[in-house]
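Since the structure comes first, as structure tokens, the remarks are kept for the end.
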Amino acid sequence: MEAELMALAAAGATAFVQQMATDSWTQARDRMVSFFSRHRGGEEDVIEGELETSRAEMTAALEAGDEQTALDVESEWRTRLRRTLQSNPAAASELRSILDDLMPGGERQQAADVDNTISGGVQHGPVIQAGNVGSLHFSGHEPHLS
């Protein structure tokens with residue numbers, strides 16, 4: 001169950017952060033303010049202020065091409081959602097409902113177990129298997145083959 005909650009928190013953070021750059025931000029913000037105030041026991045105006053700060057950071061990061069700050073904002077909300085779901089697993093159904101509303105038409109990615117196996121051959125560098133890999137950069141040297 002833990003993996004399912006972590007996947008839900010990740011999907012929630014991704015969907016929510018994506019909403020920061022859309023016209024439907026106010027609706028998304030209001031839903032998340034209600035969600036966090038109910039399940040984490042915070043004051044709505046404080047939570048709303050934190051969300052608006054994150055949105056300002058995200059907007060500035062997108063305009064400046066600052067991928068790290070954008071990732072940090074998403075990570076912050078993923079962590080908050082994960083902690084909320086860990087302390088109150090029943091909140092998962094409400095978060096799923098919010099995601100369904102924010103990402104209509106099945107745009108939300110479904111979490112699934114993945115089992116990858118590499119066999120044979122010799123790998124002289126990193127091996128990456130993923131459904132989505134964003135701007136990864138590897139530095140290093142070329143292996144010397146004998």
The listed residue being of a type in the set (A, V, I, L, M), at negative phi and in contact with a Pro (Cβ under 8 Å, 6 or more places away or on another chain), out of L51, L81, L5 | L5
Are any residues in the range 71-94 under 16 Å from V33 (Cβ atoms) and under 13 Å from the mean Cα position of the chain (by Cα), and if so, which ones?
-> E76, W77, R80, L81
So which pairs qualify, if the first residue must be in the range 17-35 and closer than 16 Å to V73 by Cβ, the second must be of a type in the set (F, W, Y) and assigned to a helix (DSSP H, G or I), the Cβ gap must be under 8 Å, and the two must be at least 6 apart or on different chains?
-> V17/W77; Q19/W25; A28/F16; M32/F16
Identify, from the list H144, H124, the residue that is over 14 Å from the mean Cα position of the chain (by Cα) and at pLDDT below 70.
-> H144
Return the only residue of E43, E48 being surrounded by 13 or more Cβ atoms within 10 Å (Cβ to Cβ), among the charged types (D, E, K, R) and more than 18 Å from the chain's Cα centre (by Cα).
-> E48
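The values are calculated or read from the model by the stated rules, or taken from the named source; none is laboratory data. A quick note: this is a predicted structure, and the numbers were derived from the prediction, not measured. All Cβ positions, glycine included, derive from the backbone under ideal geometry; neighbour counts span all protein chains shown.
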